[in-house]
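The values are calculated or read from the model by the stated rules, or taken from the named source; none is laboratory data. Since we're looking at a predicted model, the values are computed, not measured. Because the Cβ atoms are built from the backbone with ideal geometry, glycine has one as well, and the counts that use them run over all protein chains shown.
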Amino acid sequence: MVKPSVLVTRRWPAAVEAQLAESYNATFNTSDIPLAGPEMRDAMTRFDAVLPTVTDKLGSDVFEVAKPQAKIIGNYGVGYSHICESSARDLGLTVTNTPDVLSECTADIAMTLMLMVARRAGEGEREVREGRWTGWRPTHLVGTKVSGKTLGIIGFGRIGQEMARRAHHGFGMKIVVQNRSKVAPEILAQYGAVQVDTVEELLPQADFVSLHCPGGAANRHLINAARLDLMKPGAFLVNTARGEVIDEWALAQALMFDTIGGAALDVFDGEPRIAPDLMQCDNLVMLPHLGSATREAREAMGFRVLDNLADFFSGRDPRDRVI
Ligand code: DGY
């Protein structure tokens with residue numbers, strides 16, 4: 001039987017690449033540089049499966065091909081707002097993602113960010129490395145206590161729940177949740193969480209706000225100037241979801257004028273470009289999209305793509321089909 005052809009758009013963990021090479025007629029982008037739009041469009045006409053990541057923009061232009069060969073887009077990652085859903089649907093493509101296997105690691109990074117910004121760890125690290133530390137003193141880099149405070153979680157899917165587990169059981173935090181659908185009472189009870197209907201209700205209650213909702217047009221600038229104004233003075237904002245969820249200009253203003261206490265971001269609108277205004281803010285921690293960056297999660301993500309491909313090419317509905 002002829003093996004299906006697959007295009008892997010970035011380097012993946014070695015064990016997963018080996019398995020892909022064995023099971024498929026696999027082409028790897030060994031340069032590890034994101035493919036340009038025309039190259040991606042060309043791939044739609046040459047491969048049975050295209051396996052992109054968050055760094056590949058699959059806008060409507062990529063799907064404007066007369067004779068598509070691609071039948072499945074096996075996204076390496078849980079978020080898929082970089083793939084134009086309506087165009088993929090119009091072409092009759094199956095799209096899969098990799099949920100679950102990165103939830104714990106992404107929540108770990110959200111916790112890391114929350115602790116770093118509250119305890120001014122980023123500022124401290126910069127001070128030590130730059131040789132500016134002059135020694136211990138009672139008033140030096142005094143931060144904010146995390147334990148026992150209220151955490152507002154926007155988006156209560158798998159990652160949001162892992163964040164709640166850590167914050168509630170590890171740090172005794174009170175959890176307030178906003179989610180697009182009603183969360184089952186037994187799930188809320190696991191984290192001592194209370195659900196509110198709107199972001200407007202959540203923001204004024206929270207000492208920390210952590211974003212775990214999907215990106216894409218529906219949530220673009222969900223956190224804007226008006227909503228930043230609703231946050232408690234001194235509260236902190238954490239984003240491990242998608243950059244576009246925050247209006248970064250409004251956030252930079254809020255940080256520069258100390259309307260909020262600080263922010264910590266793992267994701268950026270238009271990343272890896274960072275808005276120059278954000279670069280000016282000392283009360284901001286920034287990481288280079290590390291949410292799922294552990295050996296364990298990155299391998300598991302790859303094998304999850306392989307599972308989805310195996311299902312698809314054997315005529316079964318892939319377990320992680322999103323389109
Ligand atoms: C995801 O899975 O969506 C991450 O942001 C990238 O892997």
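Brief remarks follow.
- Screening L188, L228 for residues that are over 23 Å from H82 (Cβ atoms), away from the ligand (no atom under 16 Å from the Cβ) and buried (at least 22 other Cβ atoms within 10 Å of the Cβ) leaves exactly one candidate, L228.
- Residue list for segment 304-322, restricted to those being crowded, with 16+ Cβ neighbours inside 10 Å and either in contact (Cβ under 8 Å) with a residue 24 or more places away in the chain or closer than 19 Å to R158 by Cα (or both): R304, V305, L306, N308, L309, F312, F313, P318, D320, V322
- From the list A49, A21, A36, the lone residue that is out of contact with any Phe, Trp or Tyr (no Cβ under 9 Å at 6 or more places or on another chain), at negative phi and not polar (S, T, N, Q) is A36.
- Considered as a group, the residues in segment 197-225 that are acidic (D, E) and surrounded by fewer than 17 Cβ atoms within 10 Å (Cβ to Cβ) include one that is nearest to I159 (Cα to Cα), and that residue is D197.
- Within segment 47-62, the set of residues being of a type in the set (D, E) and in contact with a strand residue (DSSP E or B) (Cβ under 7 Å, 6 or more places away or on another chain) comprises just one member, D48.
- Looking across segment 27-64, the residues that are in a loop (DSSP other than H, G, I, E, B), away from the ligand (no atom under 16 Å from the Cβ) and surrounded by fewer than 16 Cβ atoms within 10 Å (Cβ to Cβ) come down to T30, S31, I33, A36, T45, R46, G59, E64.
- Residues of segment 49-68 that are touching a residue at least 60 places away in the same chain (Cβ under 8 Å) and in contact with a helix residue (DSSP H, G or I) (Cβ under 8 Å, 6 or more places away or on another chain): A49, L51.
- Residue in segment 103-111 that is out of contact with any Ser or Thr (no Cβ under 7 Å at 6 or more places or on another chain), within 12 Å of the ligand (Cβ to nearest atom) and modelled with pLDDT of 95 or more present: yes
- Hey, E271 modelled with pLDDT of 95 or more, within 14 Å of the ligand (Cβ to nearest atom), acidic (D, E) and part of a helix (DSSP H, G or I) or not: no
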